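Every number here is computed from the coordinates shown, using simple stated rules; none is lab data. In this text, all values refer to a predicted model and were calculated from it rather than measured experimentally. We place every Cβ from the backbone using ideal geometry, glycine too, and count neighbours over all the protein chains shown.
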Ligand code: DX5
Ligand code: ZN
């Protein structure tokens with residue numbers, strides 16, 4: 001059985017001029033806040049980096065789930081762990097030795113996450129599951145919020161869940177991209193137990209209520225599946 005669902009609103013869809021307020025709006029309802037770091041190189045988009053994370057870290061107590069869509073994560077990822085991120089996720093496509101970087105991140109005080117983009121098969125990475133804390137399956141192509149959920153990515157989620165169960169591993173299985181009230185149940189049924197939601201949370205009139213609703217839908221889908 002999957003662990004209690006984690007709901008991680010993505011501040012990519014928030015008002016960047018009021019970031020601390022936007023995080024405060026969800027901090028009692030959500031489990032993590034998801035911070036999308038993009039470098040205009042690994043992905044075409046450009047967002048925020050370490051100084052913003054360091055400042056925001058002081059403004060809230062909710063755990064930070066940092067998603068690095070950047071090249072050369074070996075150079076930059078440890079700084080986010082040192083800044084107090086709970087989980088730091090880097091992309092498989094950008095990293096030559098994920099196990100070594102995961103070890104470095106854990107030594108720097110965070111959990112270690114590995115992300116698999118839309119066009120990357122998950123099979124070669126299944127053997128790395130014992131060395132990481134979070135596996136993030138993109139359910140869109142990484143780079144922009146507001147894209148449409150791709151249900152065909154759920155085969156990867158099923159493959160990973162099967163391996164986690166078979167080996168009795170403690171790994172969070174996270175999905176990111178297009179997660180909303182009409183898609184979260186199918187992701188939970190496929191075996192995801194952590195859910196990033198940008199537009200579905202910050203596009204809602206009441207972001208905290210949107211988080212609670214997503215959590216209820218995920219939990220119901222998990223229990224109907226068991
Ligand atoms: C996109 C980011 C996502 C993004 C999701 O590359 O990794 O975290 O914020 O946004 P929505 O939920 O709007 O698809
Ligand atoms: Zn993300």
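What to note about this one:
- Scan segment 185-216 for residues that are free of Cβ contacts under 8 Å to residues at least 40 places away in the same chain and closer than 15 Å to residue 175 by Cα and the total you get is 5.
- Scope segment 26-55; condition within 11 Å of ligand 1 (Cβ to nearest atom), in a loop (DSSP other than H, G, I, E, B) and either closer than 18 Å to residue 81 by Cα or without any contact (Cβ under 8 Å) to a residue 40 or more places away in the chain (or both); matching residues: 47
- Of the residues making up segment 24-43, those that are within 15 Å of ligand 2 (Cβ to nearest atom) and farther than 30 Å from residue 224 by Cβ are 35, 36, 37, 38, 39, 42, 43.
- Taken as a whole, segment 155-172 holds no residue that is in contact with a helix residue (DSSP H, G or I) (Cβ under 6 Å, 6 or more places away or on another chain) and near ligand 1 (Cβ under 10 Å from one of its atoms).
- Search result, residues across segment 119-142 that are within 16 Å of ligand 1 (Cβ to nearest atom) and either in contact (Cβ under 8 Å) with a residue 40 or more places away in the chain or buried (at least 20 other Cβ atoms within 10 Å of the Cβ) (or both): 134, 135, 136, 137, 138, 139, 140, 142
- Within segment 109-118, restricting attention to residues that are assigned to a loop (DSSP other than H, G, I, E, B) and touching a strand residue (DSSP E or B) at 6+ places or on another chain (Cβ under 8 Å), the residue that is surrounded by the fewest Cβ atoms within 10 Å (Cβ to Cβ) is 118.
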